[in-house]
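The values are calculated or read from the model by the stated rules, or taken from the named source; none is laboratory data. Quantities reported herein were computed from a predicted structural model and do not represent experimental measurements. All Cβ positions, even for glycine, are placed from backbone atoms using ideal geometry, and neighbour counts span all protein chains on display.
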Amino acid sequence: MTTPSVRVFHKLEGLFSIYKPPGVHWKLVRDTVETNLLKGINAAPPPGPRQRVQFLAEPTSVMAEGSSELTLSAASVPALAHHPLVSGPEFQHIGVGVGHRLDVFSSGVLVLGVGQANKALTDLYRSHVTRDYTLEGELGMATDNFSHTGRLIERTTYDHITRDKLERVLAMMQGSNQKALLTYSKVDMSTQEAYELAVKGELRPDGKSPPIMTGLRLLHFQPPHFTLEVQCLNETQRYLCRILHEVGLELRSTAVCKGVRRTRDGPFTIQHALTHQHWTSPDVIQAIRQYRSSRKAGKAKHTQPGKDTGTASQRQEMAEEAPVNRVYFVFVKLF
Amino acid sequence: MSLAYLRLCTQHRLALGARGYATPTNDPRSRELKDEGPVFQYVGKQRKPNHKVFVWGFSYTGALGIPSFVVPDSGRKKPRKYQLTPYRLETEQQISSAACGYGFTLLSSSTKDLTKVWGMGLNRDSQLGFQRTQQDRHKSYDYVLEPSSVPLPLARPQQTRVVQVACGRAHSLVLTDSEGVFSLGNNAYGQCGRKMVEDEVYSASHIIHKMEGFDNPVTQVVCGQDHSLFLTETGKVYACGWGADGQTGLGHHNMCARPVAVGGDLAGVKVQQVTTYGDCSMAVSQDGQLYGWGNSEYLQLSSVTEATQINSPRLLPFEGVGKVTQVACGGTQVAILNERGEVFVWGYGILGKGPNLSESQTPELVPPTLFGRSEFNPAVTVSRIHCGLNHFAAVTDRGELFVWGKNVRGCLGIGKKEDQYFPWRVTVPGHVVDVACGVDHMVALVKSVI
């Protein structure tokens, strides 16, 4: 029997994204969300108590008349075994899964999935979607863990650095990353297919590959502070801090990372990520519904029937309003 | 780290001090550490970029200029036949022009010092001048393994500057700013612009000829396989040398031993660039028109003729390519660059559009996404194109070098020996300024990023 709690749980089964604040471990965030969702599920009014028939003995006043027969009367009695005060709340645990993780230092979009949607989450996790980050850097310092919270190793001057030099260094790094993209794609370069994929820009590594940045751009430069926008594959946040350190080295100075912020994870952007106040079940239900409708609208715009494979997965392109326009991902039809 | 020196910078200490600077961390200990300690300066404010030369390709001729590849300096090392990735060549001066011939290289610097041109590689026809051996002062080295000075007979050696060098199969041309053109090497077909001597022995020859017969100063020189082309200030083209394929463009198929002005469709036209490397020659006029003459066996000129050779320049009218700014032709293929930075290729061989396109009569656009254009960089354009005998090289405005074509003995520099069917980046540590392509080796002039 579906109780109101179960109905609420079914509405919650889906993928949504939240904004993870910096300085917090991702597991704490996940636990908090799970607790809030459980509160929302268990706040649903419990179903009315089931009645069961119990045969009660006759009252003693009737018995006193001297009859030797045992008379029983049927009575409908509430069954208290499933009362929430007896057996506890209906849901004590729900499966909330996390997509690409963020370390303690970083903040940004964190994709979560509830219940059956965790299967789609593993597919999203294993697929080769690109992620967008905004990196804040500061010139003139080098630390042991590449971020400003680490132990200071060296300080250098940075007055020789201009926007033009920084952009040249970024262009060089982007060039080597573009080359890595082609090299790790494991396609035979002497075929016509390889040429056609390279022209369209679809030559991507399919399996394991080291972290590759598919796009790198300077957003803001005011010495010693600068901001980069990165679009990457297979990365870790520590690697991104290291990129900033290497940018500093290429400029014959040093740099540390002051903040890593994920602005997009696959199709989930930062505009729709739920902030701390909205980690409750009504907001999550709305976020799931919004995401599903936007995906349906995306599907209607870009159907490519020729590319359907045998399994229940579909390669799809979606236009994003975010700074980078293209995203490739493999998705399960269920969600 | 070897260039670092300590400099306690008090202004920096104040700038990074806790007062005016929003410290991102709440840790008081690290805030204190920021105020102490030295500040290193690796590079000053007025630093200019370094200029470097990188070489790669087949090394046994000595054309790469690194002797340890041919004759290892340690017993444990083995000779390196193919250098498949760019290798730094140390030079005394900043090299402003480089040219790769058939197994040899010339590098020149625009300095006023006495040594302006260095040559390395094959020297059997004295294409690098007389390189006196250590043992015998009458003999010259047949293979020069290191960049060695080419002794130019300049009238004013401390004032003249060398502008450009060009190399062909067995001859070279050196262009100076005030003393004209000097030619050295093989003259069996008159390609050096001097009278052919019967049974002349070219090895260990001291002859470096100062060319005459130009009515205006020469601004560009190019060498084909056995012929030479010159472009003067007024836009007139001169040619000399082997003409059996009509590559001299003089209206006949004979040899020519002195530079003669080229006519045909080029009469009265102001040319801005000439190019040749094999037996086909091309020129671009200042208003963006393309002219070609010479060998057409590989469909280079098939848009205007069915014949296999043209001995007089013909206008090549192509629609859809825009205003042509540069042209480069190799042995069997041609590439042009228009003012929008787009590259068009045609001819025979690996043209750069995959293995399926192996010949074309009309220009085919090479998609700009292959040169790094994407949503992140929508404005990347190609700024220079060059052709070797069987391959292409393109330099973008962002300083990246792309190569494609037949990988003859590792000349592409992409780290492998297989042919490359579409433009592929060459990893060079720096900003590529210019590149010179030969038959089986290449030279890149690179500027450091910072």
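The figures follow:
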{"item": "Residue that is out of contact with any Leu (no Cβ under 9 Å at 6 or more places or on another chain), surrounded by fewer than 16 Cβ atoms within 10 Å (Cβ to Cβ), hydrophobic (A, V, I, L, M, F, W, C) and at pLDDT below 90, where the choices are A:A312, A:A300", "result": "A:A300"}
{"item": "Of all residues making up the range A:119-131, the number that are away from chain B (no Cβ under 14 Å), buried (at least 18 other Cβ atoms within 10 Å of the Cβ) and either in contact with a Ser or Thr (Cβ under 9 Å, 6 or more places away or on another chain) or among the polar types (S, T, N, Q) (or both)", "result": "1"}
{"item": "Qualifying residue in the range B:366-388 (condition: touching a residue at least 40 places away in the same chain (Cβ under 8 Å), within 17 Å of B:Y277 (Cβ to Cβ) and of a type in the set (G, A, S))", "result": "yes"}
{"item": "Test: B:T85 is polar (S, T, N, Q) and away from chain A (no Cβ under 14 Å)", "result": "no"}
{"item": "Every pair of residues 6+ apart whose Cβ atoms lie under 8 Å, when the first sits in the range A:160-188 and is within 9 Å of another protein chain (Cβ to nearest Cβ) while the second is part of a helix (DSSP H, G or I)", "result": "A:V169/A:V247; A:V169/A:E250; A:M172/A:E250; A:L182/A:A198"}
{"item": "Criterion violated by A:Q116 - all others in (1) free of Cβ contacts under 8 Å to residues at least 40 places away in the same chain; (2) exposed (fewer than 15 other Cβ atoms within 10 Å of the Cβ) satisfied", "result": "(1)"}
{"item": "Every residue from the range A:132-146 that is under 21 Å from A:D265 (Cβ atoms) and crowded, with 22+ Cβ neighbours inside 10 Å", "result": "A:D132, A:Y133, A:L135"}
{"item": "A:G201 modelled with pLDDT of 90 or more, buried (at least 16 other Cβ atoms within 10 Å of the Cβ) and facing chain B (nearest Cβ under 9 Å)", "result": "no"}
{"item": "Residue pairs meeting the criteria (Cβ under 6 Å; at least 6 apart or on separate chains; first touching a residue at least 40 places away in the same chain (Cβ under 8 Å), in the range B:44-57; second among the polar types (S, T, N, Q) and outside any loop (DSSP other than H, G, I, E, B))", "result": "B:W56/B:Q83"}
{"item": "Selection from the range A:211-223 of residues that are modelled with pLDDT under 90 and away from every other protein chain (no Cβ under 13 Å)", "result": "none"}
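Residues checked against (1) at the interface with chain A (Cβ under 9 Å from one of its Cβ atoms); (2) buried (at least 22 other Cβ atoms within 10 Å of the Cβ); (3) touching a residue at least 24 places away in the same chain (Cβ under 8 Å):
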position	(1), (2), (3)
B:A394	no, yes, yes
B:G399	yes, no, yes
B:V408	no, no, yes
B:E418	yes, no, no
B:H431	yes, no, yes
B:A436	no, yes, yes
B:V439	no, yes, yes
B:A444	no, yes, yes
B:K447	no, no, yes
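Okay, residues lined up against (1) buried (at least 24 other Cβ atoms within 10 Å of the Cβ); (2) assigned by the TED database to the domain that holds A:V169; (3) β-branched (V, I, T); (4) modelled with pLDDT of 95 or more:
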site	(1), (2), (3), (4)
A:T227	no, yes, yes, yes
A:C232	no, yes, no, no
A:E235	no, yes, no, no
A:R238	no, yes, no, no
A:H245	no, yes, no, yes
A:V256	yes, yes, yes, yes
A:H276	no, no, no, no
